[in-house]
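A.B. asks: The structure under discussion is supplied below as structure tokens; questions concerning it will follow.
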Amino acid sequence: MSATTVAGAGETDGASDHAGYLTTEADLASPDVAAYAWVGALVDELSRAGVRDACVAPGSRSTPLALALAHHEAMRVWMHVDERSAAFFALGMAKADGRPVVVVCTSGTAAANFLPAVVEARLSGVPLVILTADRPPELRGEVGAPQTMDQSHLYGGHVKWFLDAPLPEATPTLLRQARTMGSRAVATALASPAGPVHLNIPFREPLVPRSVPLPAWWDDASRLAWSGRPGGECWLRLDEAPSAMDAAILDELATLLADAERPVIVCGPHADQTVATPLAALARRLDAPLLADALSQLRFGARADTLIIDAHDSFLRDDPTMGALAPDVVLRLGGLPTSRALQFWLQRHAVARHVLLGDGRLAHPSQDSAWWVRAEPAAACAALDLALREMLGDTPAADADWAARWRRVNARARAAIDGTLDDNDTPSEPRLFAELVAALPAGTTLWVSSSMPVRDLDSFAARRDVPLRTLANRGANGIDGVVSSALGAAAVSDGPTVLAIGDLAFYHDMNGLLAARAHDLDATIVLVNNDGGGIFSFLPQGDERNVAARDFEALFGTPHGLDFSHAAALYGARFTRPVDWPEFRAALAVAIGAPGLDVIEVRTDRARNVEEHRAVWAAVRTAVGEVL
């Protein structure tokens, strides 16, 4: 991978460039010197607070920010021509790495293009620091200044904190403000629940910063504001003191779980891999079925003796099965489950005691009665496991047949799924995700697009002992920016990165492909092309009794007829279109092992896809009915 890094240019005193030069009061009053000193202090504080990466879109008004980031020795700058791609690339980096990423653009509508990624970051808890350049106050409002719009609170409630910064000044007071702003921005973005912050920064011309040495006549306090605290310490230190779960709450929750006869653990989408081990241990302690979403970080890599339920989306579609698997306590972690069948099952059994455990946003749209315990999930699960060991020893209180019943149902459902998929030798969307997950090497980051791909992954990908990391933009569930997000994850991931995406989402973000070539990234894109919006065929709109076939195709199916091999060629990617499963497996193996960008297109038919899904559900219904 590559990024713009200018080593050794992050010095803030300018001593190496200005031998014998003495900074004057007139220098400090000039906008170009003010931009140099003030923006330099801001960027330096972002670095001290832990930021290492900045995604920058080109522009004139943002020149001071771009140059300061490029000249800081600890920063990597990732240039993006398209602002929307830049923001989603940053989101993917931050989600995969857990470290805040800076995103920079010029003034005007450039900043508006960040909005979709800002919304996703807010809803999925991803730390971003958005820096938008702006015109000075005298050019704001309806005065006819070009590339000017109201950028104050541009992202509304979708950011955790907004600040309309003052015009930069090279004064001790404003330098202290710049440093405080930088360290506070990073701390706020990281504070639980994590999310984006927005700093809007006006600049007067000239926009190219002019460096000067630290003023010789300044006192020690002023010099500190210019150069920053010694030893790389942040100007403003903000810490969230880790708080253990209150002892009384821990005891009450542990008692509830210990007394449960039919406990179930549901883990929805969760990007934090540290939760997997203590949560799996807790499930084993309770002998509780663990319904693991494909994005939970638990389905791929959990110990074999953990009761991972990976076929719940198939068998919870059947009403008798839903009724026969009635829990008395449900412990829920992570986001809203991908599976609609699982969501309906949770609503059907709302009379059970539901405990929502997590320190992020509330993933409970049904708003049924629940107990929300705000706590750091990994530590809370470990504490509960310890408390339950003291209460139960090695003998869970659950009904002896409870876990066995789930094992039987899941095993029969998985066998029915695999048997039905194996009967289909032509490329199909259900089998694609079973084949894909089975073939990925340990340590792969699998990014999955919203709409049908994430649902098919959850429905058809069987658990594996091999650890895989599965990520998606499931905050707002949009299909925009998916390519850029996945490539951002590739930029900071050690192992292979594979993106599974539908044709419409791929079309939405073809601009994002440029990042792979520009930054020398290795990634594999598995493109599911059914020539339109496949998910609508599963919705009421797809029923001819509701919408005529002609209207459905025009308004929802939206066939495009695009040949994506040309897009791959445009951006320098290798392109293959396998026609059967042996060809697909071979193409995937070659792509993962090769440097650069690969696009593997799997052509499917939307109408046949619906039939294939329904055939699986019918087979599961029959198989499960025989063991209940």
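A.B. asks: Suppose the chain between HIS566 and THR171 were pulled fully straight at 0.36 nm per residue; how much longer would it get relative to their current alpha carbon spacing?
C.D. replies: Working: separation 395, 0.36 × 395 = 142.20 nm, distance 5.41 nm.
Going from the current span to full extension adds 136.8 nm.
A.B. asks: For a quick protection proxy, order the peptides 347-356, 455-464, 556-565 by their average other-Cβ count within 10 Å, most packed first. Don't skip to the end; give the middle numbers.
C.D. replies: On the way: 347-356: 16.1, 455-464: 23.4, 556-565: 14.2.
Going from most to least packed, we get 455-464, 347-356, 556-565.
A.B. asks: Continuing with the same structure: List the relative contact order of the chain as a percent without decimals, with contacts defined as Cα pairs under 8 Å and 6+ residues apart.
C.D. replies: Working: 1308 pairs, mean separation 90.0, N = 628.
It rounds to 14 percent for the chain.
A.B. asks: Related question: Under a 5 Å amide H to amide H cut-off, with H placed in plane at 1.01 Å, what residues pair with PHE575 once short-range neighbours are removed?
C.D. replies: VAL599
A.B. asks: Between region 347-391 and region 135-200, what is the C-alpha centre distance in whole Å?
C.D. replies: Rounded to whole Å, the Cα centres lie 37 Å apart.
A.B. asks: In whole percent, what relative contact order does region 492-628 give with Cα contacts below 8 Å and a gap of six or more residues?
C.D. replies: Values: 162 pairs, mean separation 41.6, N = 137.
Reported as a whole number, the value is 30 percent.
A.B. asks: Per residue of region 108-116, in order, report the coupling 6.51 cos²θ - 1.76 cosθ + 1.60 (Karplus, θ = phi - 60°) as ³J(HN,Hα) in whole Hz, putting x for Gly and Pro.
C.D. replies: Going residue by residue, I get x, 5, 3, 5, 5, 6, 6, 3, x Hz, with x marking Gly and Pro.
A.B. asks: With the full set of protein chains in place, find how many percent of the accessible area of the chain is carbon and sulfur; take the probe as 1.4 Å.
C.D. replies: On the way: 13070 of 24670 Å².
Carbon and sulfur: 53 percent of the exposed surface of the chain.
A.B. asks: Let me ask something else about it. Starting from the Cα of ALA112, move 7 Å in the Cα-to-Cβ direction to define the label point; list residues of region 140-164 whose amide nitrogen is under 20 Å from there.
C.D. replies: Only 140-159 fall inside the zone, counting backbone N under 20 Å.
A.B. asks: Ok, one more. Taking H placed 1.01 Å from N in the peptide plane, check which residues at least 5 places from ASP53 or on another chain put their amide H under 5 Å from its amide H.
C.D. replies: ARG76, VAL102
A.B. asks: With a cap of 12 neighbouring Cβ atoms within 10 Å, and only residues DSSP puts in a loop, list the trypsin sites (Lys or Arg not before Pro) found in region 154-260. Write out the running numbers ahead of the final one.
C.D. replies: On the way: sites: LYS160, ARG176, ARG179, ARG184, ARG204, ARG210, ARG223, ARG237; in loops: LYS160, ARG204, ARG210, ARG237.
Counting only loop positions with at most 12 other Cβ atoms within 10 Å, the trypsin sites (Lys or Arg not before Pro) in region 154-260 are ARG237.
A.B. asks: ³J(HN,Hα) across region 280-297 via Karplus (A = 6.51, B = -1.76, C = 1.60, θ = phi - 60°), whole Hz, x for Gly/Pro?
C.D. replies: For region 280-297, the Karplus-derived couplings read 5, 5, 5, 4, 5, 4, 8, 6, 9, x, 10, 7, 9, 4, 4, 9, 7, 6 Hz, x marking Gly and Pro.
A.B. asks: Go through region 162-173 residue by residue and turn each phi into a ³J(HN,Hα) via Karplus (6.51, -1.76, 1.60, θ = phi - 60°); whole Hz please, and just put x for glycine and proline.
C.D. replies: These are the phi-based 3J(HN,Hα) values: 10, 9, 8, 5, x, 4, x, 9, 8, 10, x, 4 Hz.
A.B. asks: Give me, ordered by chain and number, the residues 5 or more places off ASP134 or on other chains with an amide H under 5 Å from its own placed amide H.
C.D. replies: ILE201, PHE203
The values are calculated or read from the model by the stated rules, or taken from the named source; none is laboratory data. Here the structure is a predicted model, which means the values were calculated and not measured. When we count neighbours, we look across all protein chains shown, and the Cβ atoms used for this are built from the backbone with ideal geometry, even at glycine. The accessibility values were calculated without ligands, DNA or RNA, using every heavy atom of the protein model including side chains. Shrake-Rupley method; radii C 1.70, N 1.55, O 1.52, S 1.80 Å.
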